[in-house]
Amino acid sequence: MYTGLLNQDPSPSDKIDLISENYVEPENQPSLKLYAEVVVNIPLNKVFHYSIPSHLREFLTTGMRVKIPFGNKVTTGFCVGFTSTPFTDKTKDIIGVIDKIPLADDLMLKITRWLSSHYCCGWGEAIAAVIPPVVRSRIKERWNTFAKWSGDTPALSQEALLQMKTRAPKQAKVLEILLEHPAEISAKELIRISGCKMPGLRQLEKKGFILLENKLPDAADMPRSIDLLQQHLPLTQEQQNAFDSVCKRLIQPKPGVILLHGITGSGKTELYLQTITKALEQGRKAIYLVPEISLTPQTIQRIKARFNRVAVLHSNLLGTFHQSQWNDIKEGRVDIVIGARSSIFAPLKNVGLIIIDEEHENTYKQENNPRYNARDIAILRATHENALVIMGTATPSLESYYQALNGNYELVVLSKRIGERQLPPVDIVDMGEEVRKRRGYNIISQRLEYYMNQSLARNEQVILFLNRRGFAPYIHCKRCGFVLKCHRCDIPMTFHKKFNTTLCHYCHAEARPPESCPDCLASHINYRGFGTEKIEDEIKNKFPKYQIIRMDSDSMRVRDAHEKALAAFEQGTFQILLGTQMIAKGLDFPNVTLVGVISADTMLNLPDFRASERTFQLISQVAGRTGRGTKGGRVVVQSFNPRHYSITYAAAHDYEGFARKELEYRKQLNYPPFGKLARVVFRSPKEDKAKEKSSAICDKLKEFAKANGDRMEILGPSPAPVIKINDQFRWHILLKAQNHSSIHTALHSVSDMLKPSKTVQTMVDVDPYMML
Ligand code: ADP
Ligand code: ZN
């Protein structure tokens, strides 16, 4: 019943570089394991055969790591299968087996094999990418170990304690400390106070007095009793109807995909939570994907308030904690995994439900090998596990919406906000007219200023949004027009006032601001444009009575800064919150009655076929941050393109209208969701090398497309929109075809030429998001 991704069955015909002609599916494993099929973490899609010494045959299963001779080195590989007919009769022996239990199960092997074929990377690379490095390495850290009594009440008589005091005084001290602090205590603390070392603690564990557990100190998450968990809310009629549709699918043998199109504040999250309960009741487990963990503290709090046995997978988890969490998930001690895109690979068994919150977000796409999109992997995984996928959003990606229009996904709609709240009215301010009227440019328009004054005077709060950090994005000379650029990238440097420095937002290079023009030596240096830092200054001048907090990656560098800032805003310490896309998502503050979009044009002008879609999404999402309480709300959008359809449809809260128009354009130009894309980027320190290689491959591809006569377009070669990053010149080719298999065969036809050389690196991106 699916088209699109699911047509791309992970079959070998999809391969750019065939895995191995005589690859046997794991089900048909020969009973005698003579030779192992091994893949290595290199950008080459090839399976190697090794003979298995008889003493290892019993232990080795697929998904385990093995030590192998490779070239003239010893390296680590993953065993992906067995065969009795090797490619060559001169196979080498496996040296050893590293794992006792497999790191990847059959499902993960299937998924990673699909990843390697669809995204044109090595199978070994794909496996390495889905298993966190900390699981692969063996780290010994005791700082995250916690100790507590083994039973509910310490089963320890005074007599026993006295006895121990003479035989093992330090261990006795540990028990005394625990008597005083019956809650768990970190092993580090215990060791410090008692002087008893880790082996002593282990002995106490062996004797049955204490339990030792690995945990993150500040996340020590004890299961709560059922009555401490928050209850689900009674659903509204609209939610109930949606919930009924969801439940009907959940119990089907092949549940498929639901696209939940619900406006901001319509109660999607509540629906996810209640669906999780249903899945758990069926004895299944759930994966809950969010665009970015650190940006969604409110959602995570809501999930944790309702459920026990929840694991949150942060990318910045400390080593041992991550490892123990991975084991908890693998060994069935966890029911719900929440995390960003890589959590789709969590080793959870028996997954019955996968939720993708804000499915349109581009953070679901990974921007290095394997360049997967978690949304697509979710569907693949769910198909193998017969799980239901719910993709929820107020602004569906056109890819997903198109699948729903075609009936491949079921569309479920929530069109009303909870509590009869209205979506806020949106005022578009024509900044061109504003300039004419006020004879000059003012960052804050009169209308925005007026509404800010109104909200602030009523003790309400304001959110201001600008997708650009720093003070000024251009430093130029008024006399000769010189623009200060990064010496490594073809990108203007941004002035950061607080540190009196200029920064490249691509390679992070830093330079002192020039005092005179480096080109003509005139002292007419001018700072043009504006970023969040400048707005902050401007607001402080204009609204001196109010407190403003700025949230962008400059001001929110330390861990937890984000959560603290949001908490302070929620408590009313600040009246104005100013930020970049960091604040566009998921925030729910009832006292916010005004949202100002300082410039809707920052994205609109990017050379990217998704520019309109991104602009529409951003305005809609930001607008969704207001009018969530009883006081109503309003949005002011400032733009020099006030009649652009992304902006007018967003202002009218008309997703369908926008989608209809945008789909028309995409169809004319055969862009996704109609045509499929791949991008090949060539990077070299020498521009002519990158150009030469891209031309050679482009010629080949064009020949191939012509010979095959299908409607394949090869665009390029051309310099990438940002031609130089980090001293690497970049040229690119775009492939546009009717389906993925045309793209794969075309890329396959040049796979030999795509291998990296000394001077030119190539990067293949199937279903790309980054076009710069
Ligand atoms: P969305 O995820 O669509 O933005 P939420 O699930 O966050 O919407 O709901 C918006 C607000 O409405 C939240 O504060 C939530 O607690 C509340 N809410 C959701 N469903 C209900 C309900 N059935 N009854 C009362 N309040 C609800
Ligand atoms: Zn740079």
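Could you put LYS667, LYS497, LYS542 in order of accessible surface area, largest first, with the 1.4 Å probe and the full protein assembly present?
Numbers: LYS667 135, LYS497 100, LYS542 70 Å².
From most exposed to least exposed: LYS667, LYS497, LYS542.
Run through the stretch 330-382 and list the trypsin sites (Lys or Arg not before Pro) located in a DSSP loop whose Cβ has at most 16 other Cβ atoms within 10 Å.
Numbers: sites: LYS330, ARG333, ARG341, LYS349, LYS365, ARG371, ARG375, ARG381; in loops: ARG333, LYS349, ARG371.
The qualifying sites are ARG333, LYS349.
Just the isolated ones, please: cysteines in the chain lacking another cysteine beta carbon under 4.7 angstrom.
Singleton cysteines: CYS79, CYS120, CYS121, CYS196, CYS247, CYS507, CYS698.
Run the dipole for the chain about the Cα centre, Lys and Arg Cβ at +1, Asp and Glu Cβ at -1, nothing else charged, and hand back the magnitude in debye, nearest 20.
Values: 103 positive and 82 negative charges, 316 e Å.
Value, rounded to 20: 1520 debye.
What percent do you get for the relative contact order of the stretch 704-748 when only Cα pairs under 8 Å and 6+ apart count? If you can, show how the numbers build up before the last one.
Numbers: 48 pairs, mean separation 16.7, N = 45.
Reported as a whole number, the value is 37 percent.
Counting only the heavy atoms of the protein chains, how much of ILE95 is accessible to a 1.4 Å probe, in Å² to the nearest 10?
Looks like 100 Å² after rounding.
If you roll a 1.4 Å probe over the chain with all protein chains in place, what percent of the accessible area is carbon or sulfur?
50
Among 620-631, 561-572, 600-611, how do they line up by average Cβ neighbours within 10 Å per residue, starting with the highest? Provide the component values of the computation, followed by the final result.
Details: 620-631: 23.1, 561-572: 15.8, 600-611: 17.3.
Output ranking for 620-631, 561-572, 600-611: 620-631, 600-611, 561-572.
Leaving out ligands, DNA and RNA but keeping every protein chain, what accessible area does LEU398 have, in Å² rounded to the nearest 10, with a 1.4 Å probe?
The value for LEU398 is about 0 Å².
In the stretch 466-547, what is the count of Lys pairs whose alpha carbons are under 16 Å apart, counting only pairs at least 8 residues apart or on separate chains? Show your work: numbers first, answer last.
Numbers: LYS497/LYS534; LYS497/LYS540; LYS498/LYS534; LYS498/LYS540; LYS534/LYS542.
Total qualifying Lys-Lys pairs in the stretch 466-547 comes to 5.
For the pair LYS564 and ARG447, how long in nm is the line joining their label points, each one 7 Å along Cα→Cβ?
According to this spin-label approximation, the distance is 3.9 nm.
Rolling a 1.4 Å sphere over the protein heavy atoms, what is the accessible area per residue of the chain, to the nearest Å²? Each step should come with its number before you reach the end.
Working: 34730 Å² over 772 residues.
Counting only protein heavy atoms, the per-residue value for the chain is 45 Å².
ASN386 to GLU510: FRET efficiency via 1/(1 + (r/R0)^6), r the Cβ-Cβ distance, R0 56 Å, to the nearest 0.05?
Numbers: r = 52 Å, r/R0 = 0.93.
Between ASN386 and GLU510 the formula returns 0.60.
Computed FRET efficiency, Cβ-Cβ of ARG57 and GLN163, R0 56 Å: what is it to the nearest 0.05?
Details: r = 51 Å, r/R0 = 0.90.
Result of the calculation: an efficiency of 0.65.
Please arrange SER157, SER343 by accessible surface area, largest first, computed with a 1.4 Å probe and ligands excluded. Walk me through the numbers before you get to the answer.
Values: SER157 65, SER343 0 Å².
Output order, biggest surface exposure first: SER157, SER343.
Check each of the trypsin sites (Lys or Arg not before Pro) in the stretch 695-772 and keep only those in coil by DSSP with at most 13 other C-beta atoms within 10 angstrom; list them in order.
ARG711, LYS758
What is the Rg over Rh value, at two decimals, for the stretch 337-490, using alpha-carbon atoms and the Kirkwood definition of Rh? Please list the in-between numbers first.
Numbers: Rg = 23.1 Å, Rh = 21.0 Å.
Answer for the stretch 337-490: 1.10.
How much length is gained on full extension from ASP688 to LEU405, taking 0.36 nm per residue of separation minus their Cα-Cα distance? Don't skip to the answer; put the middle values down first.
Values: separation 283, 0.36 × 283 = 101.88 nm, distance 4.59 nm.
Separation in residues times 0.36 nm, less the Cα-Cα distance, equals 97.3 nm.
For the chain, what's the relative contact order in percent, using C-alpha pairs closer than 8 Å and at least 6 residues apart? Mind showing how you got there, number by number?
Numbers: 1468 pairs, mean separation 82.9, N = 772.
Once normalised by length, the contact order is 11 percent.
Largest first, how would HIS261, HIS508 line up by accessible area (1.4 Å probe)? Working shown, then result.
Numbers: HIS261 15, HIS508 135 Å².
Heavy-atom accessible area, descending, gives HIS508, HIS261.
As a test, work out the antiparallel percent of DSSP beta bridges whose residues both lie in the chain, rounded to the nearest 5. Numbers along the way, then the final one.
Numbers: 60 of 112 bridges.
Here the antiparallel bridges make up roughly 55 percent for the chain.
Could you tell me which of the pairs LYS365/LYS700; LYS278/LYS564; LYS170/LYS207; LYS693/LYS736; LYS110/LYS365; LYS691/LYS755 are separated by over 22 angstrom between their Cα atoms in the structure shown?
Numbers: LYS365/LYS700 29 Å; LYS278/LYS564 34 Å; LYS170/LYS207 15 Å; LYS693/LYS736 20 Å; LYS110/LYS365 20 Å; LYS691/LYS755 16 Å.
Going by Cα-Cα distance, LYS365/LYS700; LYS278/LYS564 fall outside the 22 Å limit.
The values are calculated or read from the model by the stated rules, or taken from the named source; none is laboratory data. These numbers come from a predicted model, not from an experiment. We place every Cβ from the backbone using ideal geometry, glycine too, and count neighbours over all the protein chains shown. Heavy atoms of the whole protein, side chains included, go into the accessibility calculation; ligands, DNA and RNA do not. Shrake-Rupley method; radii C 1.70, N 1.55, O 1.52, S 1.80 Å.
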